[in-house]
Amino acid sequence: MSQQIQFLLRAGEMPTHWYNLLADFPEPLPPPLHPGTREPVTPDLMLALFPENLVGQEMSAERMIEIPQEVRDVYALYRPTPLLRAVRLEKALQTPAHVYYKYEGVSPAGSHKPNTAIPQAYYNKVAGTKRLASETGAGQWGSSLAFACSVFGLECNVYMVKVSFDQKPYRKLLMQTYGATVHASPSNQTEFGRKVLAANPDSAGSLGIAISEAIEDTVKHPGTKYSLGSVLNHVCLHQSVIGQETIRQMEMAGEEPDVILGCAGGGSNFAGLVFPFVQRKIREGKKYRIVAVEPTSCPSLTKGELRYDFGDTAETTPLMMMYTLGHLFMPPSIHAGGLRYHGMAPMVSHCKKLGLIEAVAYPQLKVFESAVMFARSEGIVPAPESAHAIAAVIDEAIQCREEGRKRVIVFNLSGNGLLDLAAYDTYLSGRMQDVGGSD
Ligand SMILES: *Cc1c(COP(=O)(O)O)cnc(C)c1O
């Protein structure tokens, strides 16, 4: 009998609720603080940026939050997503390990990010917002939000980190195709952008600068709200559909994971896959090893400090308790743009502090070597971000081979790399180097 490799849920088996890990933490998450008073933020500070319904979710400790029908109808374009067993990768590695991947690259934007872009656009729409402002690095978030805004009839204004704007035109074009307006950041659209440009006209930009610009744009334009694609509690909440589906699909496969992995930039795809498993660790005493994989050049969880820090360069956001490299940290330009953020989601940071998860870091050459191996065995070209998880999975599977022991490994293939082929070109032609950081 041939090996089953796809584990598919029916449309009616899509989760009806998001899962909120805040309800199950054994110790409460330290609250965000007002940057001036250093007191816990009150909802009114957040209301300048976000609609009330999303502020409510950001602060909610309710365990299960119902997914509105209108959101489920849009999720239905690509959810439930498949879980696959990587039998050809297992064979190539000659490992006794069983490797499964949850594939989020089937969404319209090619990554997990629409899982939160869709509800964020929906909640803004019903709250009366006309226009959303946001930032994007390599463009995955911007294109996801542009797609969601087009579905719900909102204007979308995106500040895109300049180095990507210049070097990666395809996601900019995708955003424009969905009807969004895209500015290279630092831009002359905002006071902060003009200030950065005056000091350094050739600034390549950073996510921190782009966030500051999007926030300034928001507070200066009536009818505009801000939207963030990672880090925040409500983003981790929305992503929980990934892990909930995976739990059911692993039941279909008849296996219980030993190791669960995801790449981590701001932490949202990792949170989405692992938080429902973390709940089982806390409540049912399960012994999963849960591993976040980050780049050595932007190692917030493995080398950062756990402390209160700003989410942006201009110091406009509330202070969040998180593993951080400092809000002025300028990550070197690596090809996994989505992992170039100085901090880590407070909820993911809290998991690390409580010993519920661990973290490892990989340099980009090793990551692309793993990405190419995965593409040549499984067929899917992974996003460079997702390939960080693959590098750790491959090491894990090789260890199983060396110890002659089977383990069940599950990871999040957070996106496909079809719009990242220029990065593959750099690797395949031998021009890629490891930058910054060390092992
Ligand atoms: C944006 C992105 C990431 C990193 O963001 P997280 O919030 O850490 O998930 C990872 N993978 C893909 C494909 C992305 O687009």
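The values are calculated or read from the model by the stated rules, or taken from the named source; none is laboratory data. Note that the structure is a prediction, hence the values are computed from the model and not measured. Every residue, glycine among them, receives a Cβ derived from its backbone with ideal geometry; neighbour counts consider all protein chains shown. Keep in mind that these areas ignore ligands, DNA and RNA; they rest on the heavy atoms of the full protein, side chains included. Shrake-Rupley method; radii C 1.70, N 1.55, O 1.52, S 1.80 Å.
Kindly establish whether E403 is farther than 25 Å from A271 by Cβ and modelled with pLDDT of 95 or more. Talk me through it step by step, then tell me what you get.
On the way: farther than 25 Å from A271 by Cβ: yes; modelled with pLDDT of 95 or more: yes.
Answer is yes for this residue.
Return only the number of the condition from (1) surrounded by fewer than 24 Cβ atoms within 10 Å (Cβ to Cβ); (2) within 14 Å of the ligand (Cβ to nearest atom) that Y323 does not satisfy.
Exception for Y323: condition (1).
Let me confirm something: among L33, L45, which residue is in contact with a strand residue (DSSP E or B) (Cβ under 9 Å, 6 or more places away or on another chain) and touching a residue at least 12 places away in the same chain (Cβ under 8 Å)? Spell out how you get there, then give the answer.
Values: L45 fails: in contact with a strand residue (DSSP E or B) (Cβ under 9 Å, 6 or more places away or on another chain).
When all the criteria are applied, what remains is L33.
Has the stretch 109-127 got any residue that is at pLDDT below 95, under 21 Å from the mean Cα position of the chain (by Cα) and either buried (at least 24 other Cβ atoms within 10 Å of the Cβ) or assigned to a strand (DSSP E or B) (or both)? So that I can check it myself, show each step before the final result.
The initial filter retains those residues of the stretch 109-127 that are at pLDDT below 95, namely none.
There is no residue in the stretch 109-127 that is at pLDDT below 95, under 21 Å from the mean Cα position of the chain (by Cα) and either buried (at least 24 other Cβ atoms within 10 Å of the Cβ) or assigned to a strand (DSSP E or B) (or both).
Looking at (1) away from the ligand (no atom under 16 Å from the Cβ); (2) open to solvent by less than 20 Å² (accessible area, probe 1.4 Å); (3) under 28 Å from W18 (Cβ atoms); (4) out of contact with any Ser or Thr (no Cβ under 6 Å at 6 or more places or on another chain), which is the one condition that is false for N157?
(4)
Quick one: which residue in R307, R289 is closer than 30 Å to D44 by Cβ and either in contact with a Gly (Cβ under 9 Å, 6 or more places away or on another chain) or not aliphatic (A, V, I, L, M) (or both)?
On the way: R289 fails: closer than 30 Å to D44 by Cβ.
From the options R307, R289, the qualifying one is R307.
Output the residues belonging to the stretch 1-21 that are open to solvent by 40 Å² or more (accessible area, probe 1.4 Å), more than 19 Å from V71 (Cβ to Cβ) and either in a strand (DSSP E or B) or among the hydrophobic types (A, V, I, L, M, F, W, C) (or both).
Initially, the stretch 1-21 is screened for residues open to solvent by 40 Å² or more (accessible area, probe 1.4 Å), giving 1-6, 8, 10-13, 16-17.
Next, only the ones that are more than 19 Å from V71 (Cβ to Cβ) stay: 1-6, 8.
Scanning the stretch 1-21 gives M1, I5, Q6, L8.
Given the options L174, L207, name the one that is in the same structural domain as C149 (by TED's automatic domain parsing) and closer than 20 Å to A121 by Cβ.
On the way: L207 fails: closer than 20 Å to A121 by Cβ.
One residue alone meets the criteria, L174.
In the stretch 354-396, what residues are in contact with a Lys or Arg (Cβ under 8 Å, 6 or more places away or on another chain) and either buried (at least 17 other Cβ atoms within 10 Å of the Cβ) or not assigned by TED's automatic domain parsing to the domain that holds V259 (or both)?
L356, A359, A361, E378, A391, E396
Filter the stretch 250-266 down to the residues that are touching a Gly at 6+ places or on another chain (Cβ under 9 Å) and within 17 Å of P346 (Cα to Cα) and list them by number.
Within the stretch 250-266, the first condition is being touching a Gly at 6+ places or on another chain (Cβ under 9 Å), and the residues that meet it are 260, 262-263, 265-266.
Across the stretch 250-266, the qualifying residues are G262, C263, G265, G266.
Can you tell which of G128, G105 is more than 16 Å from S230 (Cα to Cα), within 16 Å of the ligand (Cβ to nearest atom) and not polar (S, T, N, Q)?
Working: G128 fails: within 16 Å of the ligand (Cβ to nearest atom).
Testing whether each residue is more than 16 Å from S230 (Cα to Cα), within 16 Å of the ligand (Cβ to nearest atom) and not polar (S, T, N, Q) leaves just G105.
Can you pull out the residues in the stretch 328-341 that are more than 14 Å from L232 (Cα to Cα) and surrounded by 20 or more Cβ atoms within 10 Å (Cβ to Cβ)?
Start the filter on the stretch 328-341 by keeping residues that are more than 14 Å from L232 (Cα to Cα), which leaves 328-340.
Of everything in the stretch 328-341, those that are more than 14 Å from L232 (Cα to Cα) and surrounded by 20 or more Cβ atoms within 10 Å (Cβ to Cβ) turn out to be P331, I334, H335, A336, G337, G338, L339, R340.
Being of a type outside the set (A, V, I, L, M), within 24 Å of S227 (Cβ to Cβ) and surrounded by fewer than 24 Cβ atoms within 10 Å (Cβ to Cβ) is the filter here; which residues of the stretch 199-213 pass it?
Narrowing the stretch 199-213 to residues of a type outside the set (A, V, I, L, M): 200-203, 205-206, 208, 212-213.
From what is left, the residues that are within 24 Å of S227 (Cβ to Cβ) are 203, 205-206, 208, 212-213.
Within the stretch 199-213, just S203 meets the criteria.
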